[in-house]
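Derivation of every value follows stated rules applied to the coordinates shown; laboratory data play no part. These figures come from a predicted structure and were not determined experimentally. Neighbour counts are summed over all protein chains in view; Cβ atoms, including those assigned to glycine, are modelled from backbone coordinates with ideal geometry.
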Amino acid sequence: MKLASLKHGRDGHLVIVSRDLKTAVDAGEIAATMQYALDNWAVVAPLLEVQYERLNKGEGDYFTFLPEVCASPLPRAYQWADGSAYINHVELVRKARGAEVPESFYSDPLMYQGGSDTFIGPRDPIVVESEDYGIDFEAEVCVITDDVPMAVSERKAKDHIKLLMLVDDVSLRALIPNELQKGFGFFHGKPSSAFSPVAVTPDELGSAWKGSKVHLPLLVDYNEKPFGKTNAGVDMTFNFSKLVAHAAKTRKLCAGTIIGSGTVSNQDKDGGAGKKIEDGGLGYSCIAEIRMIETIANGKPSTNFMKFGDRVGIEMQDKKGQSIFGKIDHFVEKYKK
């Protein structure tokens, strides 16, 4: 099943989207918002599924689906927690600044709690006050849960994953180091994130959803050119069951909690750092990673962060080349007071 939220008030209006992302049908009589659907998933999901099957047969009062009028599937959420499941990315970060990776990083996931009150729509601009902030995108996969009990096991955590999305976890890299030095985590360096137009149930991924990982390439375009095609199921040290269980270690998670994978990052086929697509590699899911590789090789980075007007696209396709979640497609715009 595929679901989206049209822009409407603060919490959007829920619609059911066809498998090919071409049409949609109003879900308001079943659940007016995505949050209501998640709060009542056991009752609501089977009813939505019936309408989804009808829609895919061309039945019902459907209309053309337009990602441009979509908010995030959850326009705001009670909780957004982002992990760092790809240790290759962490290793490069540490190596670029001459630091070792603590042994605990390989068994205990990193996770930060991000702002979740003002997500960016999938086709809305990234609004930033200054280019000096070091504007970067981070292409990731994420899951949405129903209510998760505290101290849930990894085995049971998988059952609480109800939907998946893609996310651009926007980062302001120049602001992050000073924040981390304070020893209290990110705040200014992590502004509003953007999510894919559509959220999908795990069964929509078929065999690509295995071991609580999505085994498909995450496609990133930067200024209309291929930038990354890393596989989200490869080099993922911590799967989503582990990440959900980690987030619930000391607290219950409310229905509608979003858990991110962190920047998808693959090693090169020879076990080294990733290479650019034009050099035969899989590319990158953020600018920071190529800058780290440049720093390791040359002592300093040569690739710039994003400028006003720069554009990023993030998408995932099935094995037939059909978009699964729709495309995040937005550009950087200067904030005007």
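Using alpha carbon centroids, what distance separates the stretch 17-94 and the stretch 266-337, in Å?
The two parts, judged by their Cα centres, are 25 Å apart.
Please list the non-local residues whose amide H lies under 5 Å from the amide H of LEU163, H modeled 1.01 Å from N, same-chain partners needing a gap of 5 or more.
Hits under the 5 Å cutoff: ILE144.
Can you show me the helix-derived [θ] at 222 nm for the chain, built from DSSP H runs with n ≥ 4 at -39,500 (n - 2.57) apiece and divided by the number of residues, rounded to the nearest 500.
Result for the chain, helices only: -5000 deg cm²/dmol.
Just in the stretch 113-153: which GluC sites (Glu not before Pro) are loop by DSSP and have at most 16 other Cβ atoms within 10 Å?
Within the stretch 113-153, the qualifying GluC sites (Glu not before Pro) (loop, at most 16 other Cβ atoms within 10 Å) are GLU129.
Excluding MET111 itself, what net charge comes from residues whose Cβ is under 12 Å from its Cβ, given Lys and Arg +1 and Asp and Glu -1?
0
Tell me whether the stretch 184-337 comes out rounded, prolate or oblate; compute the Cα gyration tensor, take square roots of the eigenvalues as a ≥ b ≥ c, and use a/c under 1.5 as the rounded threshold.
Rounded, since a/c falls under 1.5.
If packing is taken as the average count of other Cβ atoms within 10 Å, what order do 294-301, 52-59, 229-236, 11-18 fall into, highest mean first?
11-18, 229-236, 52-59, 294-301
Could the peptides 87-95, 68-76, 100-108 be put in order, highest first, of the mean number of other beta-carbon atoms found within 10 Å of their residues?
68-76, 87-95, 100-108
Based on the Kirkwood radius over alpha-carbon pairs, what value in µm²/s does the Stokes-Einstein equation return for the translational diffusion coefficient of the chain at 4 °C and 1.567 mPa s?
The calculation lands on 64 µm²/s.
State which helices in the chain qualify, where a helix is a whole DSSP H run, it must extend 15 Å or more along its own axis by its Cα atoms, and its mean Kyte-Doolittle hydropathy must be at least -0.5.
TM-like helix candidates: 41-56, 287-298.
Can you give me the distance in nm between label points at GLU129 and ASP117, each placed 7 Å from the Cα along the Cα-to-Cβ direction?
The answer from the label model is 1.7 nm.
Sorting check: for 273-279, 35-41, which peptide has the highest mean count of neighbouring beta carbons within 10 Å, and how do the rest follow?
Highest-to-lowest ranking by the protection proxy: 35-41, 273-279.
Out of all DSSP beta bridges with both ends in the stretch 1-76, state the antiparallel percent to the nearest 5.
Expressed as a percentage, antiparallel bridges in the stretch 1-76 total about 100.
Across the stretch 167-181, in residue order, what do the Karplus-derived ³J(HN,Hα) couplings come to in whole Hz, using 6.51 cos²θ - 1.76 cosθ + 1.60 with θ = phi - 60° and x for Gly and Pro?
9, 9, 7, 4, 10, 10, 4, 6, 8, 5, x, 5, 5, 5, 5
How large is ³J(HN,Hα), in whole Hz, for each residue of the stretch 145-151 in order, when computed from phi with the Karplus curve 6.51 cos²θ - 1.76 cosθ + 1.60 and θ = phi - 60°, using x for Gly and Pro?
Going residue by residue, I get 9, 8, 5, 10, x, 4, 6 Hz, with x marking Gly and Pro.
What value does the stretch 235-275 have for Rg/Rh, both radii from Cα atoms and Rh as Kirkwood defines it?
Ratio value, two decimals: 1.15.
What fraction of the DSSP beta bridges in the chain is antiparallel, stated in percent and rounded to the nearest 5?
Restricted to the chain, the bridges split so that about 90 percent are antiparallel.
With an 8 Å cut-off on Cα pairs and a minimum separation of 6 or more residues, tell me the relative contact order of the stretch 102-209 in percent. Please report the intermediate quantities before stating the final value.
Working: 146 pairs, mean separation 33.8, N = 108.
The normalised contact order for the stretch 102-209 reaches 31 percent.
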